[in-house]
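Since every read-out is calculated from the coordinates, none of them should be taken as a lab result. Please read all numbers here as calculations on a predicted model, not as lab measurements. So basically every Cβ, Gly included, is an ideal-geometry build from the backbone, and we count neighbours across all protein chains shown.
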Amino acid sequence: MTQESARQRILNRLKSGKRQTKDVPVGSPVAPTEPVHISPERTPQTAAEKLERFCDQLRLSHAEVLCVGEDEIQQALGQHLRENAIKNLLYAPGSVASRRMGDQTAFVETRPFEQPVEQWKAALFDDMEAGISHAQAGIAQTGTLMLATGPSEPRTLSLVPPVHYVLIHEGQIVETLAGAFGTKPWGNTLPTNLLLISGPSKTADIQTTLAYGAHGPKRLVVIVYGGTRQYPVSEA
Amino acid sequence: MSMGPQSESINAGFKQRIDVALKDDALQGNLRRAMDFLVDKRALQFPDTSAFETLQAEGRRIRQRNLEKLPELLERLESRCTENGIRVHWAETADEACRIISTLLKDANANTLIKGKSMASEEIALNAALERQGIDAIESDMGEYIVQLDGTGPSHIIMPAIHKTREEIARLFHERLHTDYTDDVDALIGIGREVLRSRFQQADAGLSGVNFAIAEEGALCLVENEGNGRMSTTIPPLHIALCGIEKVVATLEDIPPLLNLLTKSATGQAITTYVNLIRGPRQKEELDGPRAVHLVLLDNGRSRMFADQRLRETLRCIRCGACMNHCPVYTRLGGHAYGSTYPGPIGQVVMPQIEGIHRAGELTQACSLNGSCGEVCPVGIPLPGLIRQLRHEANETDSRSGTPGKGQLRKPLESLVWKLWALVHARPTLYRFMCWLASRGRTLLPRQIGPWTRTRSSPRPAPRTLHDHLRHRNPKNRRY
């Protein structure tokens, strides 16, 4: 009852304030009539340039980037896991990432994410060393991965384990965030979380000194796959 | 330090707080370094002034357009959020917002709350209100966590612990968390990470702010670097988002340009590590995420600002903090001297409007009207103009705005001086006479003028006025 009246009072004040100040036609559409897209840095880019910018920007944000052929994901991932002595890898059964990563049991203990988080919160936080996701899109301008959470992309998979692997097809890299939103790769309704990730978790809250691994993953490893491989495989 | 509705007036002791800040050498050094760092980082992101002005004009247009439809957008946001399973609540005042949140927590039997960074929660003094109800609220943003351990509050809206040195934080952790002393930043962050990761797991509920609420999608956008915002809104079974009513935008298309301006202006980043668009609670097939999501829409004076065409511009703010980073006064004082939730230029404009001029109007005096804040504001809020308007409202009741406490800081002598000043300047004969008098009687003027001459020499009129000089140079010109 009081809730209803607080709502009503706020809206009434806003509506009468609006009348007092500016004439906006009643019933005009809520959505903007003229879409605005200005981005001065925007330049037309080829697929190769986009890929290069994407990788460069991610590396500037302290992410590790591996560019491999479509059939080399399994090996590249396995090698990275082994070289970094990572003991286990969390994946979502039925996800694109789980199909693309192939059989990793030779390198690491693989663990399917199949129970509700409450049932194994402590193990998720304390035991899991790495998680693997698949990005729906990449944004070249800022070196950003776009992830859509859902049954096959749990929210905590890309958040809790200290190392986060992300697979992305090079064909999914677009120039700008506006472009990535425009293609709506998630379909009609937004996913429960639409995530934009641009590097490992970080903070500069102590005397503006940058430190990585604040609350989320300490390391972000991006595996860009596709046919062209125009960009060097190893990291500079 | 959070200034809630019950606390004493911000005006009280402002001058004393300024004195304390100006005498604190460690603070001065810290602020100078930190502000230079933020100013330089922002400048690297906007190397071309005219390109920035184009972006600024666009940001301003988008925010203006959204505000013009504010009531409709809020209704749309409410219905779309409801469809998405987000429960929407409306709070007229800070107290009401605190009540709604504590009721939600009690209904869920929640005793511990983990908080992502939210300036709105500072504005309503939520932590203190929850403490009175026996609910433990823990800050999880590293900076907020540090100031909470310290028993103070944020001194900057983006970097809450900017006033503290690394060594001070090292001692604080050692004393309060009983860990071995270290002043290595990575080690300190590592300690914070460990402590807070267990807090995330134990918390019964999470609270976050909102950077943008997207009406057409019924979604909440959160911008951060640390991941604590994601943790707070993902791990606990209940998520409560607190959002000022002005934070609503129409569609997803509004996000890229505003986000671009926000992160570049705030920390000089092209984008932050995480941007999270939250559409709703855990769905049937999902294995994680909160079971329930609530959105509390906070008015607390905003609808009053909205009613005045000029003051409405305040509501365009996207809380980037660039105005304080570029403010010569903030850079000397730091946030605590203001004694208000929002310090710096935006605080000087927002606080008197929320709390009333009789309680916070003195803040507008801490400004040299140099204009830096208005120039860097990513959405073009005319901050110096608004500060001037509020100074006027502090003395007069003639404006049509609904700002509480209008005219209550009026000082009779000062008002009389300004009245005479205006009178003289509006009458050419009188003006010429006064100038003649001042130039001829210049040696009779006092050498000591209160605080002004404590650090400066006293100003002295020239023997001849500018008009005299010009008349002399060109005797035929009668305009002088």
### Query
Between rounded, prolate and oblate, where does the range B:307-357 land on the alpha carbon gyration tensor, with a ≥ b ≥ c its root eigenvalues, rounded for a/c under 1.5, else prolate if a/b exceeds b/c?
oblate
### Cys residues of chain B counted as unpaired, since no other Cys beta-carbon is under 4.7 Å
B:81, B:98, B:221, B:243, B:317, B:320, B:327, B:367, B:377, B:435
### Cα centre as origin, Lys/Arg/Asp/Glu Cβ charges: the protein assembly as shown dipole, Debye
4660 debye
## Note on the structure
the range B:434-470 scanned against label point 7 Å out from residue B:427 along Cα→C-beta; backbone N under 18 Å for B:434-438
### Task
In nm, give the distance between the simple-model label positions of residue B:416 and residue A:79, each being 7 Å from the Cα along the Cα-to-Cβ direction.
8.7 nm
### Query
Say R0 is 45 Å: what FRET efficiency, to the nearest 0.05, do residue B:400 and residue B:19 get from their beta-carbon distance?
0.75
### Query
Quick one: Cα centre-to-centre distance for the range A:146-207 and the range B:343-360, in angstrom?
38 Å
### Summary
With label points set 7 Å from each Cα along the Cα-to-Cβ direction at residue B:448 and residue B:471, the distance between them in nm comes to 3.7 nm
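About the Cα centre, and with charges only on the beta carbon of Lys, Arg (+1) and Asp, Glu (-1), how big is the dipole of the range B:357-480? Nearest 20 debye, please.
Details: 22 positive and 7 negative charges, 180 e Å.
Charge dipole, the range B:357-480, about its Cα centre: 860 debye, nearest 20.
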### Mean ellipticity per residue at 222 nm, deg cm²/dmol - from DSSP H runs of n ≥ 4 across chain B, formula -39500 (n - 2.57)
-14500 deg cm²/dmol
### Task
About the Cα centre of chain B, how large is the charge dipole given +1 on each Lys and Arg Cβ and -1 on each Asp and Glu Cβ? Please answer in debye to the nearest 20.
3480 debye
### Query
Put +1 on the Cβ of every Lys and Arg and -1 on every Asp and Glu Cβ in the range B:58-149; which of B:66, B:102, B:116 then has its Cα farthest towards the positive end of the dipole?
B:66
### Query
Taking neighbour counts of Cβ atoms within 10 Å as a proxy for exposure, in what order, fewest first, do B:417, A:160, A:117 appear?
B:417, A:117, A:160
### Summary
Two pseudo-spin positions, 7 Å from Cα along C-beta at residue A:105 and at residue A:56, lie apart in nanometres by 4.4 nm
## Note on the structure
Contour minus Cα-Cα span, residue B:33 to residue B:178, at 0.36 nm per residue, comes to 49.3 nm
